[in-house]
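Notes follow once the structure below has been shown.
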Amino acid sequence: DMLLDWGAQVVLAGTVPHALAAIEKAAPDCAVLDVNLHGAKSYPVAARLSELGVPFIFATGYGDAEHPGQFSECPTITKPYRLSDIRESLECGN
């Protein structure tokens, strides 16, 4: 809702396969990835975004997440999310 209020066009994907399909259909300008997507980690989505040079951040409700090596330096925001945190993280991200 915050991104919509900011004027962003938002595509929601609830699973890793759905997110990967959405990326292939139209690569986004940036992305906010929930670390956990219905029991699966979003790292394959992050890898594809990295390959395409798309900036992204991770979002989690579980406090500080420890990501695998290639994503260990990626910005991560935690609940409660604030638009300013999202904007700042995307500007400083990948």
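The values are calculated or read from the model by the stated rules, or taken from the named source; none is laboratory data. The model shown is predicted, which means the values in this text are computed figures rather than measured ones. Here the Cβ is made from the backbone with ideal geometry for all residues, glycine too, and neighbour counts use every protein chain on show. Heavy atoms of the whole protein, side chains included, go into the accessibility calculation; ligands, DNA and RNA do not. Shrake-Rupley method; radii C 1.70, N 1.55, O 1.52, S 1.80 Å.
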message: Considering just Cα atoms, how many Å³ per residue does the convex hull of region 1-52 enclose?
response: 75
task: Return the calculated 222 nm mean residue ellipticity for the chain, to the nearest 500 deg cm²/dmol, obtained by summing -39500 (n - 2.57) across DSSP H runs with n ≥ 4 and dividing by the residue count.
output: -10500 deg cm²/dmol
- line: Mean-square fluctuation maximum in Gaussian network of the chain, Cα pairs under 10 Å, restricted to Leu49, Leu37, Leu12, hits Leu12
query: Just the accessible area per residue of the chain, please: how many Å² with a 1.4 Å probe?
result: 65
statement: Of all DSSP beta bridges with both partners in region 1-89, the antiparallel percent, nearest 5, is 20
Sparsely packed GluC sites (Glu not before Pro) within region 1-73, loop by DSSP, other Cβ within 10 Å at most 10: Glu66, Glu73
- prompt: Which trypsin sites (Lys or Arg not before Pro) in the chain pass both tests, a DSSP loop state and at most 14 other beta-carbon atoms within 10 Å?
  reply: Arg82
- prompt: Got a number for carbon plus sulfur as a percent of the chain's accessible area, 1.4 Å probe?
  reply: 51
